[in-house]
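Quick notes on the structure that follows.
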């Protein structure tokens, strides 16, 4: 385990370097000039040139990238010209809300996926199975931004059951504020998790040990927990880890729709204002999320299935 963790952590450095380089080049393709966005369109050419020099935008790209890497090595990711503060401290202050949103959405998706997929697999080919597959297909085609707007309009504006702006003040109030955005993300995750779990459960149901459990007349609750779910969960973990990047992308849009002060809304606002430093540090944090989730997935494999060996 220790050797495996050391190797995987060593692989993080080149991955982050590659991500930083790609993002650094892509943000330079965003139309508009950060200096002009900072000072306004009516600023004189001299002031704009001075701002470009202060932001190192008048240097060649390779020098700008080396300057960014040099600061990052020393923990200095730059200062936001829009917020006038350290971009790292600004981004880290918004990390907890984004993690809470992802965690609540994942929990909701799993709580919906397990019973639906289990009943669909046990009643394969019957009416409930056909209805579940139809629901999965329909949910897969629903854009998260459209669903978020519909939920906000009905449950937030018309009926006022849930708030549609803000992340709450902590505890149950935060869960209350995150219910609608988390449900929006959970619905987009449900088809992927549910279809994967259903297929895995169907394969396990045809296994000899399940047939033996049924022949021994074990209670359904017992062999569901001890036989079906435990032997079907690995593909579910794989699907979740593979789609973690897509999940983060959906979180970015949902945060903007519901006005949540998380990393997603910060990233979109920074793209609008051409705040390069914030875009780069937020993207790096999201990349760390993906890398950490993949590492946790491998460790979870070993904990769930002792036959899995990490060094292979």
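The values are calculated or read from the model by the stated rules, or taken from the named source; none is laboratory data. These numbers come from a predicted model, not from an experiment. As a convention, Cβ positions derive from the backbone with ideal geometry for all residues, glycine included, and neighbour counts pool all protein chains shown.
Here residue 18 meets the list (1) part of a helix (DSSP H, G or I); (2) within 15 Å of residue 277 (Cβ to Cβ) almost entirely, failing just condition (2). Within segment 240-257, one or more residues are part of a helix (DSSP H, G or I), over 30 Å from residue 129 (Cβ atoms), at pLDDT below 85 and out of contact with any helix residue (DSSP H, G or I) (no Cβ under 8 Å at 6 or more places or on another chain). Do we find a residue being part of a helix (DSSP H, G or I) and within 23 Å of the chain's Cα centre (by Cα) anywhere in segment 27-36? Yes: one or more hits.
Pairs please, first residue from segment 199-220 and farther than 18 Å from residue 129 by Cα, second anywhere and at pLDDT 70 or above and in a helix (DSSP H, G or I), Cβ atoms under 8 Å, 6+ apart in sequence or on different chains. Once the first residue is farther than 18 Å from residue 129 by Cα and sits in segment 199-220, its partners that are at pLDDT 70 or above and in a helix (DSSP H, G or I) give 207/231; 210/204; 210/228. Taking the criterion of being part of a helix (DSSP H, G or I) and touching a residue at least 60 places away in the same chain (Cβ under 8 Å), the residues of segment 270-281 that qualify are 270, 271, 273, 276, 277, 278, 279, 280, 281. Here residue 114 does not fit the description of being crowded, with 16+ Cβ neighbours inside 10 Å, assigned to a loop (DSSP other than H, G, I, E, B) and in the same structural domain as residue 235 (by TED's automatic domain parsing). Looking across segment 210-224 at every residue that is touching a helix residue (DSSP H, G or I) at 6+ places or on another chain (Cβ under 6 Å) and at pLDDT 65 or above, the one that is nearest to residue 117 (Cα to Cα) is identified as 210.
If only one of 148, 167 is within 24 Å of the chain's Cα centre (by Cα), surrounded by 17 or more Cβ atoms within 10 Å (Cβ to Cβ) and in a loop (DSSP other than H, G, I, E, B), which one is it?
Answer to the check: 167.
Conditions tested, residue by residue: (1) modelled with pLDDT of 80 or more; (2) under 21 Å from residue 145 (Cα atoms).
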| position | (1), (2) |
| --- | --- |
| 229 | no, no |
| 237 | yes, no |
| 260 | yes, yes |
| 276 | yes, no |
| 284 | yes, no |
| 292 | yes, no |
| 298 | no, no |
| 307 | no, no |
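Evaluation of residue 131 against the conditions (1) assigned to a helix (DSSP H, G or I); (2) over 14 Å from residue 184 (Cα atoms); (3) modelled with pLDDT under 90 shows that the sole unmet condition is (3).
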